[in-house]
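Input: a single structure, listed below in structure tokens.
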Amino acid sequence: MSFVIRTLPLVACADSLPLMETKSGYNALMDEVCVGRGWCGGIVDGQPSHVDDFIPESGPVTADQFVEWLFMADGMDPKEDPSKWQKHVQGLREAFIRHMGHDIVDASLLKWALD
């Protein structure tokens, strides 16, 4: 028994290709730390918790504060076993700086862009 495999040329028009959504700022940060790394919240003391719950309306927020809030939202304390969590802390801090553009930003920038 033999098979004949035929290939057809792939032709695509730019109008038919799906648009790639480009995320920036807080949306990109949360995509990386929450979706990509799993740090965004959980059930703490029987209540749902999310990092957004810890962010004030305004005022300076450091990368280190944000990372601490990520851990708190998951009901964890990285200070209990620093050597275990240091790699995660550093990676989350770097993500904050990469996506937010600085190691300190105003809390008003840490909001979801719904556009």
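The values are calculated or read from the model by the stated rules, or taken from the named source; none is laboratory data. Just so we're clear, the structure is a prediction, and the values are computed from it rather than from any experiment. Positions of Cβ are generated from backbone atoms using ideal geometry, with glycine treated the same way; all protein chains shown enter the neighbour counts.
Please go through the stretch 88-115 and give me each residue that is of a type in the set (Gly, Ala, Ser), surrounded by fewer than 18 Cβ atoms within 10 Å (Cβ to Cβ) and within 17 Å of residue 34 (Cβ to Cβ), ordered by number.
Once the filter is applied, which keeps residues that are of a type in the set (Gly, Ala, Ser), surrounded by fewer than 18 Cβ atoms within 10 Å (Cβ to Cβ) and within 17 Å of residue 34 (Cβ to Cβ), the stretch 88-115 yields 91, 113.
What pairs come out if I take residues in the stretch 72-88 that are at pLDDT below 95 and pair them with residues that are not in a loop (DSSP other than H, G, I, E, B) whose C-beta lies under 6 Å away, six or more apart or interchain?
78/71; 78/85; 78/89
Pairs needed: first member in the stretch 33-46, closer than 15 Å to residue 87 by Cα; second member anywhere, of a type in the set (D, E, K, R); C-beta distance under 7 Å; at least 6 residues apart or different chains.
So the pair list comes out as 39/74.
Yes/no per residue for (1) out of contact with any Pro (no Cβ under 6 Å at 6 or more places or on another chain); (2) assigned to a helix (DSSP H, G or I); (3) over 20 Å from residue 55 (Cα atoms):
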| residue | (1), (2), (3) |
| --- | --- |
| 75 | yes, no, no |
| 80 | yes, no, yes |
| 85 | no, yes, yes |
| 95 | yes, yes, no |
| 105 | yes, no, no |
| 108 | yes, yes, no |
| 112 | yes, no, no |
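Taking residue 13 and the conditions (1) closer than 25 Å to residue 111 by Cβ; (2) at pLDDT below 90, which numbered condition does it fall short on, given that it satisfies the others?
Answer for residue 13: the failing condition is (1).
When residue 44 is evaluated against the numbered criteria (1) within 11 Å of the chain's Cα centre (by Cα); (2) at negative phi; (3) surrounded by 12 or more Cβ atoms within 10 Å (Cβ to Cβ), which criterion, by number, is the only one it fails?
Every listed condition holds for residue 44 apart from (1).
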